[in-house]
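A.B. asks: What follows is a structure written as structure tokens; I'll ask about it next.
The values are calculated or read from the model by the stated rules, or taken from the named source; none is laboratory data. Values in this document were obtained by computation on a predicted structure and should not be read as measured data. Positions of Cβ are generated from backbone atoms using ideal geometry, with glycine treated the same way; all protein chains shown enter the neighbour counts. To get the accessible areas, we keep the full protein, side chains included, count just its heavy atoms, and leave off ligands, DNA and RNA. Shrake-Rupley method; radii C 1.70, N 1.55, O 1.52, S 1.80 Å.
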Amino acid sequence: MSEVKISAATRTEFGKGAARRIRREAKVPGVLYGHGSDPLHLTLPGHDLLMALRTPNVLIALDIDGKTELAIPKSVQRDPLKGFLEHVDLLLVKRGEQVNVDVYVHTEGELAPGAFLLEHVLNALPVEAEATHIPESVTVSIEGLAAGDSILAKDIPLPKGTTLAVEEDTVVLQVLAAQAEEAPEGAEAEGDEAAEA
């Protein structure tokens, strides 16, 4: 996984008013925490951060007043209507350190012929990986699966150095038989009465 370098500045103003001023300047307020250190309040460039967050579990090399710190996004708040970034929490990490993250599960292949639905019980798989080698996603084949089949956490191939952070028997995907919609009882009779009237 490549690192994304972002320049950040420490901030001393807090509260809604200060956050609004920061956002008006196309920047995003954030907090960097971890390793028992005091939380560090930051201002980050909005566009650079938005582009970095397009990569799941991105590793960010923060340049803070000439010192570089590695971090991964832990919580991102977006405006529910416009989608712009409102705030970001970043977790401080070190090279070689193991971190727990959620990795998206992608599927490949086709289900068996028939009316089947694939249910994602977990959209993301909790794993433990080295901070500088976090996989963006994992892929599992659903080729030929039919109703009643499921894929467990232990069935998903993980990259070298990545381990499960959830029970092996946790259901991640399952195949269901599609349910045909039935007309509610009495609906036809009501229709017939309306036609007669």
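A.B. asks: Relative to the first principal axis of the alpha-carbon coordinates of the chain, what is the inclination of helix 187-196, with its axis defined by its Cα atoms, in degrees from 0 to 90 and to the nearest 10?
C.D. replies: 60 degrees
A.B. asks: Any chance you could run the full-extension gain for GLU13 through HIS133? It's 0.36 nm times the residue separation minus the Cα-Cα distance, nm to one decimal.
C.D. replies: Net length gain for the segment: 39.7 nm.
A.B. asks: Please state the relative contact order of the chain as a whole percent: Cα pairs under 8 Å, 6+ residues apart?
C.D. replies: Rounded, it is 17 percent for the chain.
A.B. asks: Rounded to the nearest 10 Å², what accessible area does HIS106 show when all protein chains are kept and the probe is 1.4 Å?
C.D. replies: Looks like 90 Å² after rounding.
A.B. asks: For VAL31 and TYR104, calculate 0.36 nm times their separation in residues minus their Cα-Cα distance, and state this gained length in nm to one decimal.
C.D. replies: Roughly 23.8 nm would be gained on extension.
A.B. asks: A further question on this structure: Compare the Cα positions of ALA9, LEU176, THR132 along the charge dipole of the chain (+1 at Cβ of Lys, Arg; -1 at Cβ of Asp, Glu; about the Cα centre) and return the one farthest towards the positive end.
C.D. replies: ALA9
A.B. asks: Sorted by accessible area with a 1.4 angstrom probe, largest first, how do GLU128, GLU143, GLU167 fall?
C.D. replies: So the residues, ranked largest to smallest area, are GLU167, GLU143, GLU128.
A.B. asks: Could you calculate the FRET efficiency of LYS5 with LEU81 from 1/(1 + (r/R0)^6), where r is the beta carbon distance between them and R0 is 41 Å, rounded to 0.05?
C.D. replies: E(calc), rounded to 0.05, equals 0.85.
A.B. asks: Suppose all protein chains stay in the model; what accessible area per residue would a 1.4 Å probe give for the range 26-123, in Å²?
C.D. replies: Per-residue accessible area for the range 26-123 comes out at 56 Å².
A.B. asks: Using 0.36 nm per residue, how much length does the chain from GLU143 to ALA177 gain when fully extended, once their Cα-Cα distance is taken away?
C.D. replies: So the extension gain works out to 10.7 nm.
A.B. asks: Here's another thing I want to ask about it. What is the log10 of I(q)/I(0) for the range 18-72, computed with the Debye formula using one identical point scatterer on each Cα and no solvent, at q = 0.31 Å⁻¹?
C.D. replies: Those come out to -1.31, one per q.
A.B. asks: Given the options GLY96, VAL76, ALA61, identify the residue whose Cα lies farthest towards the positive end of the charge dipole of the chain (+1 on Cβ of Lys, Arg; -1 on Cβ of Asp, Glu).
C.D. replies: Looking along the dipole axis, the top candidate is ALA61.
A.B. asks: Can you send over the solvent-accessible area of PHE14, 1.4 Å probe, protein chains only, in Å² to the nearest 10?
C.D. replies: The accessible area of PHE14 comes to roughly 110 Å².
A.B. asks: Give me the percent of accessible area attributable to carbon and sulfur for the range 1-131, probe 1.4 angstrom.
C.D. replies: Roughly 50 percent, rounded to a whole number.
A.B. asks: Is it possible to state the helix-based mean residue ellipticity at 222 nm for the chain, with each DSSP H run of 4+ residues giving -39500 (n - 2.57), the sum divided by total residues, to the nearest 500 deg cm²/dmol? What is it?
C.D. replies: Dividing the helical sum by the residues of the chain leaves -3500 deg cm²/dmol.
A.B. asks: Could you sort out which of LYS5/LYS94; LYS5/LYS160; LYS5/LYS82; LYS27/LYS94; LYS67/LYS94; LYS5/LYS67 sit more than 19 Å apart by Cα distance in this structure?
C.D. replies: From LYS5/LYS94; LYS5/LYS160; LYS5/LYS82; LYS27/LYS94; LYS67/LYS94; LYS5/LYS67, over 19 Å: LYS5/LYS160; LYS5/LYS82; LYS27/LYS94.
A.B. asks: Now for a different question. With θ set to phi - 60° and the Karplus curve 6.51 cos²θ - 1.76 cosθ + 1.60, what are the ³J(HN,Hα) couplings of the range 149-159 in order, to the nearest whole Hz, using x for Gly and Pro?
C.D. replies: Ordered by residue, 3J(HN,Hα) equals 7, 9, 10, 8, 4, 5, 7, 8, x, 10, x Hz.
A.B. asks: Probe radius 1.4 Å, ligands and nucleic acids left out: which of ARG95, ARG24 has the largest accessible area, and how do the rest follow?
C.D. replies: Result, largest first: ARG24, ARG95.
A.B. asks: With labels modelled as points extended 7 Å from the Cα through the Cβ direction, what inter-label distance (nm, one decimal) is found for VAL121 paired with LEU152?
C.D. replies: 1.0 nm
A.B. asks: For a quick check: with amide H placed at 1.01 Å from N, whose amide H comes under 5 Å from LEU145's, ignoring anything fewer than 5 positions away on the same chain?
C.D. replies: For LEU145, whose amide H was placed from the backbone, the distant partners under 5 Å are ALA112.
A.B. asks: Can you send over the solvent-accessible area of TYR104, 1.4 Å probe, protein chains only, in Å² to the nearest 10?
C.D. replies: 120 Å²
A.B. asks: Does the range 94-140 come out rounded, prolate or oblate by the C-alpha gyration tensor, with a ≥ b ≥ c the root eigenvalues, rounded set by a/c under 1.5 and, if not, prolate when a/b is larger than b/c and oblate if not?
C.D. replies: prolate
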